[in-house]
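Written below as structure tokens is the structure these notes are about.
The values are calculated or read from the model by the stated rules, or taken from the named source; none is laboratory data. Because the structure is predicted, anything quoted here is derived from the model rather than measured. Here Cβ is always computed from backbone atoms with ideal geometry, including for glycine, and neighbour counts include all displayed protein chains. Surface areas here come from the heavy atoms of the whole protein model, side chains and all, with no ligands, DNA or RNA. Shrake-Rupley method; radii C 1.70, N 1.55, O 1.52, S 1.80 Å.
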Amino acid sequence: MNHYETVFILNPVLSETQIKETVKKYEDFLVSKGAKMISKEDWGLKKLAYPIQNKKSGFYHLFEYQVDGTAINPLEVEFRRDERFMRYLTVTLDKHAVAWAERRRTKLKQKA
């Protein structure tokens with residue numbers, strides 16, 4: 001079981017319910033592949049550094065999870081097929097990145 005982090009940008013024209021449905025769909029997809037969800041974050045609507053598909057903003061989301069490496073390719077294929085996704089990035093976290101992510105999560109909980 002490797003530790004992964006996926007950040008994705010959703011199209012800004014989606015409604016709040018469409019965004020929640022999309023996030024839930026891909027969370028369920030990961031869980032069906034045997035993933036253990038560690039953290040989900042909604043970063044909200046942010047301005048993009050450069051236009052993507054003639055859009056200047058997008059809804060950012062972050063998933064942090066543990067799963068077998070064979071589940072990543074099917075997830076990214078689904079991202080490519082879904083027109084609601086503008087961009088995505090999945091990275092493997094090493095032990096230092098996992099520790100940093102844990103510290104970041106505790107800071108966010110203390111602020112809230």
Within segment 26-38, the residues that are within 17 Å of residue 9 (Cα to Cα) and touching a helix residue (DSSP H, G or I) at 6+ places or on another chain (Cβ under 8 Å) are 26
Say we look at segment 19-41 and pick out the residues that are open to solvent by less than 30 Å² (accessible area, probe 1.4 Å) and among the hydrophobic types (A, V, I, L, M, F, W, C); which of these is farthest from residue 64 (Cα to Cα)?
19
Filter segment 1-54 down to residues that are over 22 Å from residue 101 (Cα atoms), in a loop (DSSP other than H, G, I, E, B) and free of Cβ contacts under 8 Å to residues at least 60 places away in the same chain, then give me how many there are.
6
